[in-house]
Amino acid sequence: MFKTLIGRSIFLAFVTGLAAWTLYDNGLKLGLDLQGGMHIALEVDDPEGNMSAEDKADAIDQVDRVLRTRIDEFGVEEPLIQQVGPERLIVELAGIDDEDRAKSIVQRNAYLEFKLVQPVTEIASAFPRIDRAIVAELGVDSIRALGRGVTTVEETTSSLEDLLTTAPAEPDSGAGATEEDQEGAEADDEGDEDEGTAPLNPFQVLLNQGDTEGAFLVAEADVATVDAYLAIDDVRRAVPRNLALHWGDEPVVLAAQTYRRLYVLDEDPFLTGEGLESAVAGRDPQTNQPEVQFKLTRAGGRSFGAATGANVGRLLAVVLDDEVMSAPIIQDRISRNGRIEMGGGGMAEAADLALVLRAGALPARINIVEERTVGPSLGQDSVDQGRVAGIVGIAFVIVIMLAYYRVAGALAILALGIYVLLVLGGLAGFEATLTLPGIAGLILSIGMAVDANVLIFERIREELGSGRPVHKAVGEGFRQALSAIVDANITTLITALILYQFGTGPVRGFAVTLSIGIIASFFSAIFVSRTFFIAYLKYRRAGSSLAI
């Protein structure tokens, strides 16, 4: 096939057409340094310092695998995820236009649990112990400084009706106070005098009767205070062992006040996300609200069915990363299929949650220790400068080749045009990302392609100088230059493969571009240039010389 001009032309047309179609269909992906994006450094969160170096290294390995799955499904093209040392992971996402969404997907633990909701009365008996633990830890003066530490239980658990009908208290305006206000103030003063002997209830005073069975309502402004109380060791020990307190994920607005639900749940889940088989985003067919529909494994379905069948009529809490996503009433026995309501979230949040659930939970909490955003202007500047440098370089090569080798130089330039198309098509076909180091590899391989043509042309000149006919001189020129071209390309290709094997990040990008460029350079010099020479010699006049 390659011995005839027609056969060579058909093969060359097929290869160049395939490269052009691949480049058009896949496009050329640009790296972080060319189009901008996000650079994030992650470390395992170990606030108490209990993890050994080996534990952190194992956790980073698992985080690496989970993040690759998540980011692949997220749709980021050619993400860079690499470990730097035993405890740090670098994630570079090129072309990201929604940074908050990307950070949420990267950082979310996605630890899913299913727990039963308990009545709030189950924990009421522990309140005196919890209050005493808080007072003992913080001291009476600190509690009084908060201004809400002295109240009876009956006063703290206000009813939902009170929340809906009681108007917020107006701040004391001083000069504008009425006689009733002054009488009220005097009564408060008398009450303040009683505070010296009244018991302190710093925890109970922040809890309001909830609108859902099994949950208190806590004013949004007091959420941080309750969190601080629950972080005290003695408070954690005062909570009954079989119970746990979890926040709801969405705020609740009642009577112009914003609250968060504090659920009373079983401490141990009856099923975790390990029993999850699949999760997809969808909409509730009745309310059209976004939700995540999940399917459990057979073993998970049996556990889920047994737990829900035995607790029909109770609330089931779907807990994600220690927050209650939803707490529906169990209407009937549920086997393998269920759903997670998104509350106020949209379809994008539902899709992200389904994505992280499918990818699995992170083995440990992670912190973003470094975050940089590379703006598109920097990448565009690099592209513009690279384009100018490329045009100047190519123009310089064209002028030299035409001036020095004339007709043979023009054939070589045509071959170089095919070479560039093959390299770009190869990058698109392998879905490689072009970065600044990759551009360096591309320019280096262009130089090698030109050098190969120079070797061939000099051999042809020597053959013509010894008196051989043009056809034989061209054939001998390609044959004698082949060994030198093969040696140069093979040694450089081996170097590129070593760089790819042991390099990381930009070094690998350079190695990939250089490898594709070397293979294209060899094909261009040996096959494409030879085909153009054969075509030129076939249609030239008999006995005419070759301008080289």
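The values are calculated or read from the model by the stated rules, or taken from the named source; none is laboratory data. Quick caveat, the model's predicted, so the values are computed rather than measured. Ideal geometry is used to build each Cβ from the backbone, glycine not excepted, and the neighbour counts take in all protein chains shown. Ligands, DNA and RNA are stripped out before the accessible areas are found, and what is left, the full protein with its side chains, is counted by its heavy atoms. Shrake-Rupley method; radii C 1.70, N 1.55, O 1.52, S 1.80 Å.
Points to keep in mind about this one:
- q = 0.25 Å⁻¹: log10 I(q)/I(0) that the Debye formula gives for the range 23-113, counting C-alpha atoms only: -1.34
- Heavy atoms of residue 100 accessible to a 1.4 Å probe, total area in Å² rounded to 10: 120
- Rounded to the nearest 0.05, the FRET efficiency derived from the C-beta distance between residue 232 and residue 431 at R0 = 41 Å is 0.20.
- Given R0 = 22 Å, the distance between the Cβ atoms of residue 129 and residue 268 translates into a calculated FRET efficiency of 0.55.
- Qualifying trypsin sites (Lys or Arg not before Pro) in the range 204-244, DSSP loop, other Cβ atoms within 10 Å at most 10: 241
- Segment residue 54..residue 484, full-extension length gain: 149.7 nm, with 0.36 nm per residue of separation and the alpha-carbon distance subtracted.
- In this structure, the amide hydrogen of residue 326, modeled 1.01 Å from its nitrogen in the peptide plane, lies closer than 5 angstrom to those of 318, counting only residues at least 5 positions away or on a different chain.
- GluC sites (Glu not before Pro) restricted to the range 218-309 and DSSP loop, no more than 14 other C-beta within 10 Å: 267
- Segment residue 370..residue 257, full-extension length gain: 37.0 nm, with 0.36 nm per residue of separation and the alpha-carbon distance subtracted.
- The modelled label-to-label distance for the pair residue 68/residue 289, using points 7 Å beyond Cα in the direction of Cβ, is 3.9 nm.
- Using the Cβ-Cβ distance between residue 5 and residue 99 with R0 = 56 Å, the FRET efficiency computed as 1/(1 + (r/R0)^6) comes to roughly 0.50.
- Qualifying lysines (Cα of each under 24 Å from Cα of residue 538; at least 8 residues distant if same chain): 3, 472
- Just so you know, the averaged projected area of the alpha carbon convex hull for the range 76-143 sits at 10.2 nm².
- Phi angles of the range 298-303 translate, via the Karplus equation with coefficients 6.51, -1.76, 1.60 and θ = phi - 60°, into HN-Hα couplings of 4, 5, x, x, 5, 5 Hz per residue; Gly and Pro are given as x.
- Computed 3J(HN,Hα) for the range 203-209, one whole-Hz value per residue from the Karplus formula 6.51 cos²θ - 1.76 cosθ + 1.60 where θ = phi - 60°, is 7, 4, 5, 8, 9, 10, 4, glycine and proline marked x.
- 213, 431, 476, reordered so the largest accessible area comes first (probe 1.4 Å): 213, 431, 476
- Residues whose placed amide H lies under 5 Å from that of residue 243, excluding near-sequence neighbours: 267
- Scanning residues 5 or more positions from residue 278 or on other chains, those with amide H under 5 Å from its amide H are 295, with H placed 1.01 Å from N in the peptide plane.
- Listed by chain and number, the lysines placed with their C-alpha closer than 27 angstrom to that of residue 115 are 295; residues fewer than eight positions away on the same chain are left out.
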